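Working notes for the structure below.
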Amino acid sequence: MAKHRIHTYDSTLRDGEQSEGIVLSLEDKLRIVERLDGFGIDYIEGGYPASNPKDIAFFREVQRLPLKHARIAAFGSTCKKGVAAKNDAGLADLLTSGAPVVTIVGKTWDQQVIHALQATLNENLRMIADSVSYLKSQGVRVVFDAEHFFDGFKANADYALECLKAAYLSGADSIDLCETNGGALPFEVEEMVRQAASVVPRAALGIHCHNDSGCAVANTLAAVRAGATTVQGTVNGFGERVGNADILTVIADLELKMGYVCVGPDRLRQLTGVAQFVAETCNRAVPSHHPYTGASAFAHKGGLHASAIARFPQAYEHADPSTVGNMTRMLVSELAGKASLVAKAKTLGIDLSVDDAPVQKILDEIKRREQEGYSYEVADGSLAILIRSLLGGFTPHFKLESFRVIVDDREDTGAWAKDAMSEATIKIHVGKRRFVATGEGAGPVGALDNALRLAITEFYPDVKGIELVDFKVRILDENVGTGAITRVVITSRDKQGSWGTVGVSENIIEASWNALVDALDYGLMRMGK
Ligand SMILES: [Zn+2]
């Protein structure tokens, strides 16, 4: 039996950008459109085409993108009270945008019509019908966003359904029920969508949920069960207040658990990549505990857990991580035995078997280092280098002869840390050649990083694609004062993803250097250099 198709409608560029702290440039928006198009999203809402020059430019520029699949939607509202649709300035802007899809929001809650709009209930029905039929006469696909449908239905079910009917009978292609305040619960949504499906055919029914009671994804799935065939949402659930339904989680649930097709199994593997791409474009991180796409979504800690996972993944994983482009991670500091090390090594692309002689040697070395203060839990890069070194399969990309760091706080103006500058000089061997390089930075680690990159870029131009994104310092034994052990963890990333590396020393600069060297060594190793 052919699987039923559910259509996807992304609102990241409109509702998502309402998120506190998210600002997207025109370029950002266009890159997100390309990525979502490649992922197989059906409709991408671009914003209000008349609200500001950036959105006007977006609708002009997006028409030049060679999109393969997605159709762009312009967002606005029904015509104004007392104004014929054909004379309404807002509707004219929507049509001028050139978008093939126009989404208009309209009221369905009687009290909103009377108090907020100060219109009669009949005038609101006229505004919906007139706007939809006028837009249809202009040749665009029309989506009617039924604002406050669920609150409206609770207050006056007959009127809320009248509004849907008005939109449908005037020719709206999709009628998307909006859970605007985000307060409804799944069993309520399911029942109300079922009622809506009695006046609008399922093929024309969609759902748009907010997450204020923590149920946006659950409400969206409940709506699909009750008959909705278009799901709206935003990538990572970005949106105002606590956000929207995460369209990626919805897609994974629909495909993997409910037997529907949204993007299909091949493109579903891009899920984690899309989450990271959009998050980084928004200057955010995907929360590590995020369903399906978070770094911890398939991470396992307990030793017993880890060895059971290796034998029978279904015991602790609700889905196969590879179906969504994520992977199982073993948190190695809790490694209890050979089986879990072997499983961990596999996730790093290293094939070991429990019977291999070096496995015990590697475990002993990890234990010894953990006593010294190393922790490999978030340092996959350093762990991969350690295992490969002990297997004899790793040659460092460069060898240090010496480094020196000067921290120079010239004129003490009392503005702490503002005027201090660091300078690092390193002497290094790459192959048979010796390089001496000096780098500057606001801090000593930045200066070292700059010097090291200067020294090796000629040999390894790819280091330009490796970026240090986070730097964490822990003092492990506070009692010993300056003699305490310092652990430095660096997070780096390239286009494919991120990795952690660790360095430990009594000297913070040396600990940082060790983590930095691992970061670049592992980055180059990943690239196959
Ligand atoms: Zn919304």
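Considering only the range 445-468, I want to know if a residue exists there that is in the same structural domain as Tyr522 (by TED's automatic domain parsing), in a strand (DSSP E or B) and either under 27 Å from Gly500 (Cβ atoms) or of a type outside the set (A, V, I, L, M, F, W, C) (or both). Within the range 445-468 (the criterion being in the same structural domain as Tyr522 (by TED's automatic domain parsing), in a strand (DSSP E or B) and either under 27 Å from Gly500 (Cβ atoms) or of a type outside the set (A, V, I, L, M, F, W, C) (or both)), the answer is yes, since at least one residue qualifies.
Selection of first residues in the range 454-467 that are within 15 Å of Arg526 (Cβ to Cβ) and of second residues that are of a type in the set (S, T, N, Q), restricted to Cβ pairs under 7 Å at least 6 apart or on distinct chains, gives the following pairs, ordered by first then second residue: Val463/Thr457; Lys464/Thr457; Ile466/Ser492; Glu467/Ser492. Please enumerate the residues belonging to the range 231-248 that are buried (at least 24 other Cβ atoms within 10 Å of the Cβ) and among the β-branched types (Val, Ile, Thr). Passing the criteria: Val231, Thr234, Val235, Ile247. Scanning the range 30-49 for residues that are under 18 Å from Ser97 (Cα atoms) and either within 15 Å of the ligand (Cβ to nearest atom) or at pLDDT 95 or above (or both) returns Val33, Tyr43, Ile44, Glu45, Gly46, Gly47, Tyr48. Candidates in the range 26-40 are the residues that are over 15 Å from the mean Cα position of the chain (by Cα) and in contact (Cβ under 8 Å) with a residue 40 or more places away in the chain; of these, the one that is surrounded by the fewest Cβ atoms within 10 Å (Cβ to Cβ) is Gly38. Scoring Ala73 on the criteria (1) in contact with a Pro (Cβ under 9 Å, 6 or more places away or on another chain); (2) aliphatic (A, V, I, L, M); (3) not in a strand (DSSP E or B) leaves a single failure, condition (3).
Kindly establish whether Arg267 is under 24 Å from Val101 (Cβ atoms), basic (Lys, Arg) and away from the ligand (no atom under 12 Å from the Cβ). Give the steps one after another, and end with the answer.
Numbers: under 24 Å from Val101 (Cβ atoms): yes; basic (Lys, Arg): yes; away from the ligand (no atom under 12 Å from the Cβ): yes.
Answer is yes for this residue.
The residues of the range 60-116 that are closer than 27 Å to Ala155 by Cβ and within 26 Å of the chain's Cα centre (by Cα), listed by number, are Phe75, Thr103. The residues listed here are Gln18, Gln63; of these, the one that is within 16 Å of the ligand (Cβ to nearest atom) and more than 21 Å from Asp253 (Cα to Cα) is Gln18.
Scanning the range 332-355 for residues that are at pLDDT below 85, in a loop (DSSP other than H, G, I, E, B) and surrounded by fewer than 20 Cβ atoms within 10 Å (Cβ to Cβ) yields Ala336, Gly337, Val354, Asp355.
Here is a yes/no grid of residues against (1) touching a Lys or Arg at 6+ places or on another chain (Cβ under 7 Å); (2) among the aliphatic types (A, V, I, L, M); (3) in contact (Cβ under 8 Å) with a residue 40 or more places away in the chain:
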site: Ile6; (1), (2), (3): no, yes, yes
site: Ser19; (1), (2), (3): no, no, yes
site: Arg60; (1), (2), (3): no, no, no
site: Pro66; (1), (2), (3): no, no, no
site: Phe75; (1), (2), (3): yes, no, yes
site: Asp93; (1), (2), (3): no, no, yes
site: Gly98; (1), (2), (3): no, no, no
site: Lys107; (1), (2), (3): no, no, yes
site: His115; (1), (2), (3): no, no, no
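Which one of these is farther than 30 Å from Leu36 by Cα, out of contact with any Leu (no Cβ under 7 Å at 6 or more places or on another chain) and buried (at least 19 other Cβ atoms within 10 Å of the Cβ): Asp145, Asp130, Asp158? Steps first, please.
On the way: Asp145 fails: farther than 30 Å from Leu36 by Cα; Asp158 fails: buried (at least 19 other Cβ atoms within 10 Å of the Cβ).
The unique qualifying residue is Asp130.
No other residue among Gly152, Gly206 is surrounded by 24 or more Cβ atoms within 10 Å (Cβ to Cβ), modelled with pLDDT of 95 or more, under 20 Å from Leu135 (Cα atoms) and within 16 Å of the ligand (Cβ to nearest atom) apart from Gly206.
Just one of Asn181, Asn219, Asn211 is in contact with a Pro (Cβ under 8 Å, 6 or more places away or on another chain) and within 13 Å of the ligand (Cβ to nearest atom); which is it? The unique qualifying residue is Asn219.
Residues in the range 246-264 that are within 16 Å of the ligand (Cβ to nearest atom) and under 13 Å from the mean Cα position of the chain (by Cα): Asp246, Ile247.
Listed by first and then second residue, the pairs with beta-carbon distance under 8 Å, at least 6 apart or on different chains, first residue in the range 175-189 and at negative phi, second crowded, with 23+ Cβ neighbours inside 10 Å and hydroxyl-bearing (Ser, Thr, Tyr), are Asp176/Tyr9; Asp176/Thr103; Asp176/Thr230.
Would you check which residues across the range 141-179 are polar (S, T, N, Q) and within 18 Å of Asn122 (Cβ to Cβ) and list them? Even if it seems obvious, please write down each step before you answer.
To start, the set of residues in the range 141-179 that are polar (S, T, N, Q) comprises 156, 170, 174.
Selection gives Asn156, Ser170.
Residue pairs whose Cβ atoms lie under 6 Å apart, sitting 6 or more positions apart in sequence or on different chains, and linking a residue in the range 227-246 that is in a helix (DSSP H, G or I) to a partner that is within 11 Å of the ligand (Cβ to nearest atom), are Gly237/Gly243; Gly237/Asn244. Condition test on Ala285, is it out of contact with any Lys or Arg (no Cβ under 7 Å at 6 or more places or on another chain) and either assigned to a strand (DSSP E or B) or away from the ligand (no atom under 15 Å from the Cβ) (or both)? Judged against the criteria, Ala285 is a match.
The values are calculated or read from the model by the stated rules, or taken from the named source; none is laboratory data. All values reported here derive from a predicted model rather than from experimental measurement. Here the Cβ is made from the backbone with ideal geometry for all residues, glycine too, and neighbour counts use every protein chain on show.
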